[in-house]
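The values are calculated or read from the model by the stated rules, or taken from the named source; none is laboratory data. Small disclaimer: the values here were computed from a predicted structure and weren't measured. Methodologically, a virtual Cβ is constructed for each residue, glycine included, from the backbone with ideal geometry; neighbour enumeration extends over all protein chains shown. The area values use the complete protein model at the heavy-atom level, side chains included, leaving out ligands, DNA and RNA. Shrake-Rupley method; radii C 1.70, N 1.55, O 1.52, S 1.80 Å.
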Amino acid sequence: YAPGMADEASTIGLDKRKEWSMIVPNQSTQFYGTAVTPNAETPYDPTADSVKFCFLEDPAATPEVGQTWTPGVWQPGGGPRTFIAQCLIGPANGGLVLAPGNYQPWCKVSDDPEVPIIACPEQLSVLP
């Protein structure tokens, strides 16, 4: 699996991911999304797999064993090679409430046998 945003952002190396940021007010509820491209020789649709997210305040940190993960959803209409995984952020409708700050999102796709944990290229900034 390879992370990325649609089009040109999916070619960004991990050292440049901090240049991209989604900015939301802390009272806003909206989806954070990232593109997921299965690394398979034949086309594969991961939307039957579980997808989860975590948001770490330290951009250099990686998820630890026992990390709390928030369930995500797959955006309808993805494919044929790239699919959009999303997580609802914000105080309404069961979204994940994050304190104001900057976050490095991570995406986890539970497949069989692989369960990749991928750093998302777009950081999340929650405003006060």
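Go through segment 50-68 residue by residue and tally those that are touching a Pro at 6+ places or on another chain (Cβ under 8 Å) and not aliphatic (A, V, I, L, M). Steps first, please.
Taking segment 50-68 and keeping what is touching a Pro at 6+ places or on another chain (Cβ under 8 Å), we get 50-56.
Still in the running and not aliphatic (A, V, I, L, M): 50, 52-55.
Residues in segment 50-68 being touching a Pro at 6+ places or on another chain (Cβ under 8 Å) and not aliphatic (A, V, I, L, M): 5 in total.
Go through segment 72-99 and count every residue that is among the polar types (S, T, N, Q) and either in contact with a Lys or Arg (Cβ under 6 Å, 6 or more places away or on another chain) or at pLDDT 95 or above (or both). Working first, answer last.
Let us first name the residues in segment 72-99 that are among the polar types (S, T, N, Q), namely 75, 82, 86, 93.
Now drop any that are not either in contact with a Lys or Arg (Cβ under 6 Å, 6 or more places away or on another chain) or at pLDDT 95 or above (or both), which leaves 86, 93.
Looking only at that region, the number is 2.
Is it the case that some residue within segment 13-27 is of a type in the set (Asp, Glu), over 15 Å from residue 111 (Cβ atoms), at pLDDT below 85 and loosely packed, with under 13 Cβ neighbours inside 10 Å?
So far as segment 13-27 goes, yes, one or more of its residues are of a type in the set (Asp, Glu), over 15 Å from residue 111 (Cβ atoms), at pLDDT below 85 and loosely packed, with under 13 Cβ neighbours inside 10 Å.
Suppose we filter segment 28-57 for residues that are assigned to a loop (DSSP other than H, G, I, E, B) and open to solvent by less than 70 Å² (accessible area, probe 1.4 Å); how many remain?
If we filter segment 28-57 for residues that are assigned to a loop (DSSP other than H, G, I, E, B), which is where we start, we get 28-29, 38-45, 49, 57.
Within this subset, residues satisfying the condition of being open to solvent by less than 70 Å² (accessible area, probe 1.4 Å) are 28-29, 38, 40, 49.
Within segment 28-57, residues that are assigned to a loop (DSSP other than H, G, I, E, B) and open to solvent by less than 70 Å² (accessible area, probe 1.4 Å) number 5.
Residues being among the hydrophobic types (A, V, I, L, M, F, W, C) and within 9 Å of the chain's Cα centre (by Cα): count how many of those fall in segment 85-128.
Going through segment 85-128, the residues among the hydrophobic types (A, V, I, L, M, F, W, C) turn out to be 85, 87-89, 92, 96-99, 106-107, 109, 115, 117-120, 124, 126-127.
After this cut, where a residue has to be within 9 Å of the chain's Cα centre (by Cα) as well, the list is 85, 87, 106-107, 118-120.
Qualifying residue count, segment 85-128: 7.
Quick one: in segment 64-76, of everything that is buried (at least 16 other Cβ atoms within 10 Å of the Cβ) and assigned to a loop (DSSP other than H, G, I, E, B), which residue is farthest from the chain's Cα centre (by Cα)?
Per the criteria, the residue is 69.
Regarding residue 60, is this residue at pLDDT below 95, open to solvent by 40 Å² or more (accessible area, probe 1.4 Å) and hydrophobic (A, V, I, L, M, F, W, C)? So that I can check it myself, show each step before the final result.
Details: at pLDDT below 95: yes; open to solvent by 40 Å² or more (accessible area, probe 1.4 Å): yes; hydrophobic (A, V, I, L, M, F, W, C): yes.
It is true that residue 60 is at pLDDT below 95, open to solvent by 40 Å² or more (accessible area, probe 1.4 Å) and hydrophobic (A, V, I, L, M, F, W, C).
Every residue, every condition in (1) assigned to a loop (DSSP other than H, G, I, E, B); (2) among the hydroxyl-bearing types (Ser, Thr, Tyr); (3) surrounded by fewer than 21 Cβ atoms within 10 Å (Cβ to Cβ); (4) in contact with a His (Cβ under 9 Å, 6 or more places away or on another chain), yes or no:
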position	(1), (2), (3), (4)
86	no, no, yes, no
91	yes, no, yes, no
94	yes, no, yes, no
98	yes, no, yes, no
104	no, no, no, no
107	no, no, no, no
114	yes, no, yes, no
121	yes, no, no, no
